[in-house]
Amino acid sequence: MINIPVFQIDAFTDKPFIGNPAAVCLLMEEKSDEWMLNVAREMNCSETAFLLNKEMGISLRWFSPKTEVGLCGHATLASAHVLWEKGIVPRNEEILFFTKGGLLTAQYKEGWIELNFPAIEEKKVLPSEILLDALKVPVLYVGKSKYDYLVEIETEEILKDMNPDFETLKIAVPRGVIVTCQSDRPKYDFISRFFVPSLGINEDPVTGSAHCVLGPYWQKKLNKSELIAYQASERGGVIKVKIDDDRVYISGKAVTITDGVLLV
């Protein structure tokens, strides 16, 4: 029997039981998609990351409890945290992740993990009535990226009090909806929430990949290339965002919650 190291990490936080939990599996050999999906269901985090050493870097795939995911920030951050914490990669070395979303990198910088992700463009669209009905709040702007809708609303209070109709939202959007507004608090530039009921996650606690869209959006609105964001879920998390041409640098911290092995 081969014991497969598995960890649960709280990402985008420096305190336990906050931020976004991700499971990280360190594979010794290739595993089938069915096996990885079964493990993701068992771990029951919004995403489970599967890492496998390759000659040029680390192969990385992400699975939610329902399906494989094309791009995931918090599980990538959690993966980098494990690789450095366990001494698999020295902290002064950049990690190369080969993913279905392209080549992603991670660097350790003054206690923060900085991920290099692609900027994702969104364009203004006319929202459907079913989407507006599902959100149940007045909207200022609706855009659409290749993955998700981006919706700007007026105030932080409205954002925090949102209670969407998730069953209707499953019908209205193929994947998720990022809802955002400028922050009322000077320490943050903008805040957001991310709803993904079609992937079995009504609300994702802290979503790195959503900031690939949010970063460029707020860069244009605020005329700033370095931003501090807060994702206002029940658990919550802080994300540093830096935009450089077609790349978005997403930084956060992480905490190990469990450290064990899979026996199957």
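The values are calculated or read from the model by the stated rules, or taken from the named source; none is laboratory data. Since the model is a prediction, treat every value here as computed from it, not as a measurement. In this analysis, Cβ positions are derived from the backbone assuming ideal geometry, glycine residues included, and neighbour counts consider all displayed protein chains.
Any residue at all in the stretch 78-88 that is closer than 26 Å to residue 198 by Cα, modelled with pLDDT of 95 or more and aromatic (Phe, Trp, Tyr)?
no
Name the single residue, out of those in the stretch 1-20 being more than 18 Å from the chain's Cα centre (by Cα) and of a type in the set (A, V, I, L, M), that is farthest from residue 112 (Cα to Cα).
Ranking the qualifying residues of the stretch 1-20, first place goes to 1.
Please indicate, with yes or no, whether at least one residue in the stretch 47-57 is within 21 Å of residue 198 (Cβ to Cβ) and either assigned by TED's automatic domain parsing to the domain that holds residue 204 or touching a Gly at 6+ places or on another chain (Cβ under 6 Å) (or both).
No, the stretch 47-57 has no match at all.
Out of the residues in the stretch 227-264 that are in a loop (DSSP other than H, G, I, E, B) and of a type outside the set (A, V, I, L, M, F, W, C), which is nearest to residue 74 (Cα to Cα)?
253
Just for the stretch 231-264: of the residues that are touching a residue at least 40 places away in the same chain (Cβ under 8 Å), among the acidic types (Asp, Glu) and more than 30 Å from residue 32 (Cα to Cα), which one is surrounded by the most Cβ atoms within 10 Å (Cβ to Cβ)?
246
Mind listing whichever residues of the stretch 11-43 are farther than 15 Å from residue 260 by Cα and either in contact (Cβ under 8 Å) with a residue 60 or more places away in the chain or not assigned by TED's automatic domain parsing to the domain that holds residue 62 (or both)?
Selection gives 11, 12, 13, 14, 15, 16, 17, 18, 19, 20, 21.
Does the stretch 26-44 contain any residue that is under 23 Å from residue 248 (Cβ atoms) and surrounded by 22 or more Cβ atoms within 10 Å (Cβ to Cβ)?
No: the stretch 26-44 contains no residue that is under 23 Å from residue 248 (Cβ atoms) and surrounded by 22 or more Cβ atoms within 10 Å (Cβ to Cβ).
Going by the structure shown, is residue 88 assigned by TED's automatic domain parsing to the domain that holds residue 178 and either among the aliphatic types (A, V, I, L, M) or part of a strand (DSSP E or B) (or both)?
When the stated conditions are applied, residue 88 does not pass them.
Restricting attention to the stretch 147-188, which residues are more than 30 Å from residue 101 (Cβ to Cβ) and polar (S, T, N, Q)?
155, 163
Of these, 168, 180, which one is crowded, with 21+ Cβ neighbours inside 10 Å, within 26 Å of residue 136 (Cβ to Cβ) and either in contact with a Gly (Cβ under 8 Å, 6 or more places away or on another chain) or in contact (Cβ under 8 Å) with a residue 12 or more places away in the chain (or both)?
The unique qualifying residue is 180.
For the stretch 96-155: of the residues being among the acidic types (Asp, Glu) and assigned to a strand (DSSP E or B), which is surrounded by the most Cβ atoms within 10 Å (Cβ to Cβ)?
Taking the candidates together, the pick is 148.
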